[in-house]
Ligand code: GLC
Ligand code: GLC
């Protein structure tokens, strides 16, 4: 069944029925203030940090699945009929329903018994608030006397404490209601200097701020007493559960339309100016009042929305393609780039699957997320690199995550993942290729945020590489530490305690497990750093890095080849992992991808053999599985990977993050047909027709799709905040379409499916615009060996940087090998 369709011209996904298989989510906000919003208005909002500055409550894993959000109720004051125009939470029958998820805004429109309601929500650029506009129209042939109730449930700021510490929290909640604005000020009396507010553009008939008064005893959000009886209680919350609800009466003549605006925001006051009058406990509203007044104005709403649209026009103008395949075009031009910005902004913090509590900005995750958003926001990417590097330890190692609010690294979700630092090298190298800004290498940032330890980024990168070399195991391969990219391959944990987190469990002393993944990643990182050193004229350092890469590649060839594919690891006892010799977990995808990407085995046929094994043993119609066969029982010596039932998560699902590595590897070997075939299998738009199987949003990539051995083969989970986004964009744009920034120029090296006759693209790079037309004789395949640049033939396929502001016309012809 289809639950909606794409509206590419408006860059929207249109959900056409509310009961999607899972909540289909969108995000509001791109800077400091964020909201998650589902197709039935579920979700919550936060300022900067989903854990430490949560404004509104959302209870994950609820029943029904998606409950808590930006809820409105309309009530017919003549007959008492009431409903939610976004369907949830009353789930009353609607005569029409449509949700449009756009770029950082969502609209939900519906109709019931002649009353039309359109809700549109977004976060204005530069503000720490969200605005909602509700347009209500009366299509009836008689006057409609309606009541409108808004509601949000406030979170007491720290989302973890809010969900656990009830003996305190039932006592601390505080609000103020002034001039129709509801202020949430829990803990403002003591150490907080921030508060939330919820305002409405209309005169109020009443309000509520105490949830359980609004709802009434033993009632839920689907039948609040205030709504049922058609009148608020004007409750003032002290303790219990502060909420915000406005009651507005609307009397609409036939065909009359009214616009009501709500503003939900976050505000801070300087410590010395918290109270007005000084000495009182009343919030000083001098700063916030004008902000509220401004955003309640319909003209500001329209202007803010226009500015937001223009900013997305600008961001998405950096890269545009026109290929023979509509699923490719809409993902590349709109949704995949959009998702990359979401992962850049939120890392793995808040989604339908991420509670916003456990995980802040992942070191490895945020480094990889940069690949996807660099062309759009190079300056913000630069800052992110500096922030990440400042959490690096002086050993070269990394905290696995840092908290966005404080930008400080912490061990809360584990440490000692030995792949972490190498991702920073790859991120910086991608940044240099995009921007040419070599100056970043001289930027001084500390280790572990400790003042006095500042050293240039170039030195940070050196320590990343050294970190691996300082930790080699019995075969000369990198020690895996707690885990590598695969968080769940915990070869040194030996966890026997029920419920213990594998991610934070202590490693057994002296663990010697080795990772072939880190080996491949190290080769790649050294090659990248060597290229930078060469560019800087440091040929000695370049040569030694190249020697390190060669040596490690040799070690992989000697100890990492299983005969038909690359091994995955050596466990703590020196036993092979990911070998034909294993009963289960014979082949893993990660090493086939990363080793080929690092060029290992490309010259001698091993790479081709490895990719053939992937095709035969791991590829399914839903994508490429992480490993096979999955483990059917728990293995103490392998860790969390064996904790999952077969076919799920790391235990043999289609872990989408890794699929682009194989696509890239296929292009390196020149097989555009297979690369693109894989690309289509995980492309969410191409999977829209099987939404009842896939179940997640058809407009964003997911982390996993259940593997062949799972009970629900093809079912997706963990959409939105995943490295799949950045890597899919990289694979399709840089390797299949082949428009690839390098240090010295823009490479045009497409490896296309033979059925294509070419494509066109527009790419802005280092200030110049390249209008690229790639032509291929249908049915043939090959590579581009020369370019026509503004009408002149240039040998090779590298475009040197053109002057900023200029437009360069490029024609590239794919020639059969
Ligand atoms: C999750 C993590 C990522 C890890 C992957 C594989 O997606 O966010 O860091 O690499 O799982 O375990
Ligand atoms: C679990 C997941 C893995 C994720 C990790 C993060 O191990 O399986 O994908 O990266 O948690 O803590």
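Report whether or not residue 678 is at negative phi and within 16 Å of ligand 2 (Cβ to nearest atom). So residue 678 does not fit the description; no. The residues in the stretch 340-383 that are farther than 24 Å from residue 732 by Cα, touching a residue at least 12 places away in the same chain (Cβ under 8 Å) and part of a helix (DSSP H, G or I) can be counted, and the count is 1. Determine, yes or no, whether residue 524 is farther than 21 Å from residue 651 by Cα and either more than 14 Å from ligand 1 (Cβ to nearest atom) or without any contact (Cβ under 8 Å) to a residue 60 or more places away in the chain (or both). Criteria met by residue 524.
The set of residues in the stretch 31-74 being part of a loop (DSSP other than H, G, I, E, B), more than 18 Å from the chain's Cα centre (by Cα), more than 30 Å from residue 111 (Cβ to Cβ) and in contact (Cβ under 8 Å) with a residue 12 or more places away in the chain consists of 52, 53. Taken together, 500, 514, 454 contain a single residue that is over 30 Å from residue 745 (Cα atoms), within 16 Å of ligand 2 (Cβ to nearest atom) and either touching a residue at least 24 places away in the same chain (Cβ under 8 Å) or out of contact with any helix residue (DSSP H, G or I) (no Cβ under 8 Å at 6 or more places or on another chain) (or both), which is 500. Here is a check on your reading of the model: is residue 586 surrounded by fewer than 24 Cβ atoms within 10 Å (Cβ to Cβ), more than 16 Å from ligand 1 (Cβ to nearest atom) and more than 30 Å from residue 501 (Cα to Cα)? For residue 586, the condition - surrounded by fewer than 24 Cβ atoms within 10 Å (Cβ to Cβ), more than 16 Å from ligand 1 (Cβ to nearest atom) and more than 30 Å from residue 501 (Cα to Cα) - is not met.
Working carefully through the options 510, 452, 439, find the one that is over 26 Å from the mean Cα position of the chain (by Cα), on the phi > 0 side of the Ramachandran plot and modelled with pLDDT of 95 or more. Being over 26 Å from the mean Cα position of the chain (by Cα), on the phi > 0 side of the Ramachandran plot and modelled with pLDDT of 95 or more holds for just one of 510, 452, 439, which is 452. The conditions of being more than 30 Å from residue 530 (Cα to Cα) and either within 16 Å of ligand 1 (Cβ to nearest atom) or modelled with pLDDT of 95 or more (or both) are not met by residue 567. Of all residues in the stretch 152-186, those satisfying the criterion of being buried (at least 16 other Cβ atoms within 10 Å of the Cβ) and in a loop (DSSP other than H, G, I, E, B) are 158, 163, 173, 180, 185, 186. Pairs linking a residue in the stretch 646-658 that is free of Cβ contacts under 8 Å to residues at least 40 places away in the same chain to a residue that is within 9 Å of ligand 2 (Cβ to nearest atom), with Cβ atoms under 9 Å and 6 or more positions apart or on different chains, do not occur. Within the stretch 459-493, being more than 16 Å from ligand 2 (Cβ to nearest atom) and assigned to a loop (DSSP other than H, G, I, E, B) holds for 470, 471, 473, 474, 475, 476, 477.
A quick yes/no check of all residues on (1) surrounded by 21 or more Cβ atoms within 10 Å (Cβ to Cβ); (2) farther than 17 Å from residue 568 by Cβ:
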{"residue": "462", "(1), (2)": "no, yes"}
{"residue": "467", "(1), (2)": "yes, yes"}
{"residue": "478", "(1), (2)": "yes, no"}
{"residue": "491", "(1), (2)": "yes, no"}
{"residue": "499", "(1), (2)": "no, yes"}
{"residue": "518", "(1), (2)": "yes, no"}
{"residue": "523", "(1), (2)": "yes, no"}
{"residue": "528", "(1), (2)": "yes, yes"}
{"residue": "540", "(1), (2)": "no, yes"}
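Selection of the stretch 473-486 for residues being within 14 Å of ligand 1 (Cβ to nearest atom) and out of contact with any strand residue (DSSP E or B) (no Cβ under 7 Å at 6 or more places or on another chain) yields 485, 486. Scanning the stretch 402-435 for residues that are surrounded by fewer than 17 Cβ atoms within 10 Å (Cβ to Cβ) and away from ligand 2 (no atom under 16 Å from the Cβ) yields 405, 406, 407, 408.
Residue 328 meets the conditions (1) closer than 30 Å to residue 58 by Cα; (2) crowded, with 24+ Cβ neighbours inside 10 Å in every case but one. The failed one is (1). Among the residues of the stretch 710-718, at least one is more than 23 Å from residue 345 (Cβ to Cβ), crowded, with 20+ Cβ neighbours inside 10 Å and more than 15 Å from ligand 2 (Cβ to nearest atom).
Results for (1) within 15 Å of ligand 1 (Cβ to nearest atom); (2) closer than 30 Å to residue 5 by Cβ; (3) at pLDDT 95 or above, shown as yes or no for each residue.
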{"residue": "630", "(1), (2), (3)": "yes, no, yes"}
{"residue": "643", "(1), (2), (3)": "yes, no, yes"}
{"residue": "660", "(1), (2), (3)": "yes, yes, yes"}
{"residue": "675", "(1), (2), (3)": "no, yes, yes"}
{"residue": "681", "(1), (2), (3)": "no, yes, yes"}
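Among the residues of the stretch 717-739, those identified as within 14 Å of ligand 1 (Cβ to nearest atom) and in contact with a strand residue (DSSP E or B) (Cβ under 7 Å, 6 or more places away or on another chain) are 717, 718, 719, 720, 722, 724. Residue-level analysis places residue 560 among those that are buried (at least 24 other Cβ atoms within 10 Å of the Cβ), in contact (Cβ under 8 Å) with a residue 60 or more places away in the chain and over 32 Å from the mean Cα position of the chain (by Cα).
Of all residues being outside any loop (DSSP other than H, G, I, E, B) and within 16 Å of ligand 2 (Cβ to nearest atom) in the stretch 624-640, which is surrounded by the fewest Cβ atoms within 10 Å (Cβ to Cβ)? Just the residue, please. Once the filter is applied, the top-ranked residue is 640.
The values are calculated or read from the model by the stated rules, or taken from the named source; none is laboratory data. Keep in mind that what you see is a predicted model, and the values were worked out from it rather than measured. Quick reminder, even Gly has a Cβ in these numbers, built from the backbone with ideal geometry, and neighbours come from all protein chains shown.
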